[in-house]
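The values are calculated or read from the model by the stated rules, or taken from the named source; none is laboratory data. All figures in this text were calculated on a predicted structure; none of them were measured in a lab. All Cβ positions, even for glycine, are placed from backbone atoms using ideal geometry, and neighbour counts span all protein chains on display.
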């Protein structure tokens, strides 16, 4: 997650939900925590009982709002104005935590002279190319001395220091603008500001919790960035009761990002090697047609630094200073884990060439248009259901019908497996015209296999296997392993160089003995896979190769080497399985405040990240009340209630010698060890595709024009405007005047593949509804309980009207704007069926992570008279 | 309760059966009215929780990312019930409605247990063997990869990939499963569009 990663260094929640009980204030925004993460919300309730103030800011009044001390209704899509105005207040009133901010963030660092702010260029930062809709971030970089070290002005007076740049950038984010754009009265906004300030500082800490209410916006990463910056200014990162708590939606969504099934990442947040392409000069190619494959006859040019060799890759994506200076050890160890002895040849260069290079955006949603165009022939679905669960779901179903073959692995016959003979009410599906060959394979449930999930607090927890899966159902581990074995056999005699990676791949996870009591005799050994992820010594001291099975485990990532002697599948998970018989993901001692022996939190079992910042620059706790990690002068090391997120023996007064590299280049008071300068980044000189500072753009579909700039919406987002199935409503389009937002219910999960076959849950939430304010209902002559039609330029769906004051009209600039809210759990399969809310949503992709905007779009509502 | 605390509690109650028996006898006598014993029949008195002899397997909730601990009660190879794990510092035995329904998610007559196959342009499913399906899928992967593999771009840069096969899903799967997917699909086959729910 680049919002957190760019600001702090790692793409994960900085804290854990159980620590929220130590918060003095909890701000929940972009999340309905009480209903979507109820068990984690119990900690918020406990904190409140202990005196903490709970604030909920959301377009939709929910049980989270009901339990908050303060509920603030807001227009969907206006978050950056609300938070940006708090930043302005802190800067103007010097109400930020000055000692923390001055030492631990880049507030004093100078930015290059050629940088231009969005305020100077009417909504774009310097480096913007309007032809491609992309940024060249060169001018956002630090001003540096001849040795490349950033310059700074601790007095904060230099006009090009981050403090002054931010002051100018946020000058227009006034309480008046909040009223105008967010629809929040200034007194209510001021109450939030005062509460946050009163509950931050040496003695007190505030936490911010968010979920997909932020991520599913065309500027989602920048919203998260705003919250992260706010927490830096308030001095709430790395401290108990503080932090940014990312509430993730799936059991192992954090795990599938850390050990990624993502196109642009290798394990442990190393980038997938790239050979990017862009249209040649003078070729006008809309941003919506991001390059995926070279188009015949079109002039293309290579972009970005060359990553054709391992040395070039390390130069392009590595860092000389900070923890990432260890990248060579991590990538070599990954190559060793994947390709065994091939990884030793030419110092790793040969096996590096095995890794495929990306040439553009190959993300899920971008790929679905490639699929619609017939460029994708084969598709695997592992427990994901794009036919109902992905945005613009009607287009997704059409795309599936263009495939040659599709493999679906699930517990139930989900929409994505049945799209060739069935669709939502009113959609005609003709099997005889659909060529796609479909293999539907039954999958094992989580109780029918062993393995680990990584939860929202970066915690790996091992599950033991309870029973065999039924019939021919198998674990996905079994499926991938045996598919791999069959492919290795099919390619065994290939003479082609391009097939060598298949032959070279290390692929032996057989169990030594079949699992006792199981009728499945060929289930692979998940623990052996975990060992590879943890890492092992691949060579004996005298140079003999170890196999995975017999090799000694590495204790943690600090011993990984760039010489092929160690193998490691994901360096950030190293330490989870440090020796035979000790799988720390399966450790189950719940004692202690941070319960360090319950599961294993990456990295190195740290529970609160950047916890060096819980002490002052001299290494003393900021206050007794908020004591967490501190410098023990007697033992000359860091100590406390958690694993220090800092070199254990680096004293607080350490000053790096000239020319120092790696982690030694950071001083003893630089808590953000992943960043090249050791600082939290208020200003992001690199790492983001849509600007170094968050700035307000309207959603791709919005009821008002952007009062700040002529740029209406994120200039770096991808709009797919030329796609006939992705039409967007323009500002002021009278056909679509209402703002819609979506959310989940406690009783269903996402598009429903894990809940709509369960009578217990269907009895609790049987059907789709839409929440409508009494005012809007009166305007449209809709009664509570009526069937209504919700329409967008993409399509129409039907739902039952729930007329409620939970959604209320907002007054913006003297004008009334209505908002409605919809859950999105239904489809045409399962035991409880209903319209697919994702048939309404569009495909406009956030530039950093290619996520859609389902939390703020335009629609209309009318009674479905004459329909059942 | 931690497992250590629980052991202590069990030790403390080890002496109880004797006492209970005595109390039971006292109660029986006190409740004897005429020839009938009230209010419990002998059958009722012999009733036990059905999970009494079940063995407990530690698991984690498969729904959201909070990571609540589950106790799965297994007897004779069958899952009898699934409850929140009281030892877990994350949920202390509590569960939300979804987590509490995990039993029905896993033990459900609507679950698929056989491979279903739909041929191109066909209007029906056919049941197939797992072995047949695995072989066919491997062949499709090889055929598509071989037909679409790109070693170099027109500008000469090496890419060694295929864009014609894609994979979606992983956030509901295990870390170990995600690892093997990326290793096989990207590391061996050169498939780049490997994606999951983190993207939506």
- Using the structure shown, decide if residue B:161 is closer than 30 Å to residue A:304 by Cα and either crowded, with 17+ Cβ neighbours inside 10 Å or at pLDDT 95 or above (or both). yes
- Which of (1) without any contact (Cβ under 8 Å) to a residue 24 or more places away in the chain; (2) at the interface with chain B (Cβ under 8 Å from one of its Cβ atoms); (3) outside any helix (DSSP H, G or I) is the odd one out, the single condition residue A:494 does not satisfy? (2)
- Item | Hey, residue B:103 touching a strand residue (DSSP E or B) at 6+ places or on another chain (Cβ under 6 Å) and assigned by TED's automatic domain parsing to the domain that holds residue B:73 or not | yes
- Message: Checking residue A:395 against (1) within 7 Å of another protein chain (Cβ to nearest Cβ); (2) buried (at least 24 other Cβ atoms within 10 Å of the Cβ); (3) in contact with a helix residue (DSSP H, G or I) (Cβ under 6 Å, 6 or more places away or on another chain); (4) not in a strand (DSSP E or B), only one condition comes out false. Which one?
- Response: (1)
- Determine if segment A:481-488 includes at least one residue that is facing chain B (nearest Cβ under 9 Å), in contact with a strand residue (DSSP E or B) (Cβ under 8 Å, 6 or more places away or on another chain), under 20 Å from residue A:568 (Cα atoms) and assigned to a helix (DSSP H, G or I). no
- Query: Hey, does segment A:316-337 have a residue that's facing another protein chain (nearest Cβ under 7 Å) and either modelled with pLDDT of 95 or more or in contact with a strand residue (DSSP E or B) (Cβ under 9 Å, 6 or more places away or on another chain) (or both)?
  - Reply: no
- Determine which member of the set B:29, B:7 is within 14 Å of chain A (Cβ to nearest Cβ) and modelled with pLDDT under 75. B:7
- Can you pull out the helices (runs of 4 or more DSSP H) entirely within segment B:78-168 that have at least 2 residues that are more than 23 Å from residue A:421 (Cβ to Cβ) and over 18 Å from the mean Cα position of the chain (by Cα)? B:130-148
- Listed by first then second residue, the pairs whose first member lies in segment B:140-167 and is more than 7 Å from every other protein chain (Cβ to nearest Cβ), whose partner is in a loop (DSSP other than H, G, I, E, B) and buried (at least 17 other Cβ atoms within 10 Å of the Cβ), with beta carbons under 6 Å and at least 6 positions apart or on separate chains, are B:145/B:189; B:162/B:149; B:162/B:190
- Item | Sole residue being surrounded by fewer than 23 Cβ atoms within 10 Å (Cβ to Cβ) and assigned by TED's automatic domain parsing to the domain that holds residue A:80, chosen from A:201, A:213, A:235 | A:201
- Message: The conditions are (1) assigned by TED's automatic domain parsing to the domain that holds residue B:189; (2) out of contact with any helix residue (DSSP H, G or I) (no Cβ under 8 Å at 6 or more places or on another chain), and residue B:73 fails exactly one of them. Which is it?
- Response: (1)
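So that you can scan it fast, the table gives a plain yes or no per residue for (1) within 14 Å of another protein chain (Cβ to nearest Cβ); (2) under 23 Å from residue B:86 (Cα atoms); (3) at pLDDT below 95; (4) crowded, with 21+ Cβ neighbours inside 10 Å:
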position: A:566; (1), (2), (3), (4): no, no, no, yes
position: A:577; (1), (2), (3), (4): yes, no, no, yes
position: A:581; (1), (2), (3), (4): no, no, no, no
position: A:603; (1), (2), (3), (4): no, no, no, yes
position: A:607; (1), (2), (3), (4): yes, yes, no, yes
position: A:625; (1), (2), (3), (4): no, no, no, no
- Message: I'd like to know if segment A:344-352 contains one or more residues that are more than 7 Å from chain B (Cβ to nearest Cβ), at pLDDT 95 or above and either in contact with a strand residue (DSSP E or B) (Cβ under 6 Å, 6 or more places away or on another chain) or assigned to a loop (DSSP other than H, G, I, E, B) (or both).
- Response: no
- Given the conditions (1) in contact (Cβ under 8 Å) with a residue 24 or more places away in the chain; (2) away from chain B (no Cβ under 14 Å); (3) under 31 Å from the mean Cα position of the chain (by Cα), which single one is not true for residue A:762? (2)
- Query: In segment A:504-519, what count of residues is obtained for those that are over 17 Å from residue B:180 (Cβ atoms), surrounded by 14 or more Cβ atoms within 10 Å (Cβ to Cβ) and within 12 Å of chain B (Cβ to nearest Cβ)?
  - Reply: 1
- Query: Looking at segment A:795-868, what strands (runs of 3 or more DSSP E) fall wholly within it and have at least 1 residues that are closer than 25 Å to residue A:413 by Cα and touching a residue at least 24 places away in the same chain (Cβ under 8 Å)?
  - Reply: A:795-803, A:819-823
- Note on the structure: Restricting attention to segment A:637-662, the residues that are outside any loop (DSSP other than H, G, I, E, B) and under 16 Å from residue A:613 (Cβ atoms) number exactly 3
